[in-house]
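Worksheet: one structure, shown below.
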Amino acid sequence: MSTGSISLRERLTGEYSRVMDQLRFLVADRLALAGAVVLAVFTFLGLFGPMLAPHDPIAYSVRNPAGSIAVLESPSLSAWFGTTSFGKDVFSQFLAGARATFLVGIFGGLGTGIIGFLVGLTSGYFGGRVDEFLMRLTDLTFSLPFMPMALLLLTFVRPNIWLITLIIMLFLWKMPARVVRSEVLAVKNRTFVKSARASGAGHLRTMFYHIAPNVLATGFLYTAYGVAWSIAAQASLAFLGFGDPTATSWGRMLRQVFASGAIRVAWWWVLPPAIGIAAVTTSVFLIGRRYEERVNPEIQTNQ
């Protein structure tokens, strides 16, 4: 019993040490730390934003002291971020829109990273015809421009958050697949991999137990980048009018202010979603830039 307790304690201590090591590595770079703070705020808004919104972003109309609907009014105590051309509260729309942006970013990024990692791992490990087929498929994906193809697909179906996420996953996995494949090609020829095969380890065990952990950092890095790519792609589609019509999102807010013709006037309607999208995508790249130095030590800059 005591031996098991000691073993568990040692494992927990080891995990705690690794987590603290990662945090110290992150804190050492001020830009990456700022990115982590922004990303934490975005995660909080994505989870709880709609519950924190003071008003219904669609049904509620802000009224001025005279009792009429406050149309395109600048920020005030009754509407902290001002109002839209229909008298809707921009602050409530900003908080509610964080969830759709968060969901597409997280699931799109995870899907992009997982698909790309598995394709790159399989292609690099097996080589031969498997590699030829998967890389030609990757080349085909590279040759198809994301935005025109996404617009074409969404023309024939009713857009929703999950369909948009699926389209993002199907088109943006190509970059991590290429990078992971190149890493696998270098790892699979190492002595410990050859020894595992010689000792009777099967293909799946060799791939996921011996090779995958050595390229997992690259997979995590491009999964993080996938989050930023997904958020930018979702906002672009929503701005072009191909977003989920039932969900408030930051991209859809930009679409509405553009369609109303007030994009050059109602700065309070434009800045919150625009700054939100820019801040989140930039924060992801700042964190990714920091950890890319750990994945590829040769690119480290002098401090």
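Computed values, structure above
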read-out: Gaussian network model of the chain, Cα within-10 Å springs - most flexible of S143, S74, S182; value: S143
read-out: Per-residue Cβ neighbour rank within 10 angstrom, fewest leading, L33, L152, L221; value: L152, L33, L221
read-out: Added length on full extension, which subtracts the Cα-Cα distance from 0.36 nm per residue, R24 to M149; value: 40.8 nm
read-out: By average C-beta atoms within 10 angstrom, highest first, the peptides 237-245, 129-137, 82-90; value: 82-90, 237-245, 129-137
read-out: Nearest-0.05 FRET efficiency for I114 and L166, computed from C-beta distance (R0 22 Å); value: 0.95
read-out: Computed FRET value (nearest 0.05) for A66 with T246, which takes r as the C-beta separation and R₀ as 30 Å; value: 0.35
read-out: Cα-Cα pairs of the stretch 151-303 separated by more than 23 Å (percent); value: 55
read-out: Protection-proxy order for peptides 222-230, 204-212, 169-177, each taking the mean of Cβ atoms within 10 Å per residue, highest first; value: 222-230, 169-177, 204-212
read-out: Relative contact order (%) - criterion: Cα under 8 Å, at least six apart; region: the stretch 2-299; value: 24
read-out: Spin-label pair A40/L204, simplified geometry with 7 Å Cα→Cβ offset, distance in nm; value: 4.0
read-out: FRET efficiency, 1/(1 + (r/R0)^6) with R0 45 Å, evaluated for E132 and M51 via beta carbons; value: 0.30
read-out: Environment charge at N189 (Cβ cut-off 13 Å; Lys +1, Arg +1, Asp -1, Glu -1); value: +3
read-out: Reference-scaled alpha-carbon Rg (2.2 N^0.38 Å with N residues) for the stretch 120-176; value: 1.34
read-out: Dimensionless Rg/Rh of the stretch 54-186 - Kirkwood Rh, Rg from C-alpha atoms; value: 1.25
read-out: Packing-based ranking, highest mean first, of 154-160, 213-219 given that Cβ atoms within 10 Å are counted; value: 213-219, 154-160
read-out: Size-normalised alpha-carbon gyration radius of the chain, reference 2.2 N^0.38 Å; value: 1.21
read-out: Under 14 Å from the F258 label point (7 Å along Cα→beta-carbon), backbone N, the stretch 217-235; value: 232-235
read-out: Separation between Cα centres of the stretch 251-296 and the stretch 136-210, rounded to whole Å; value: 27
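None of the figures in this text is laboratory data; all of them are computed from the coordinates on show. Since the model is a prediction, treat every value here as computed from it, not as a measurement. We place every Cβ from the backbone using ideal geometry, glycine too, and count neighbours over all the protein chains shown.
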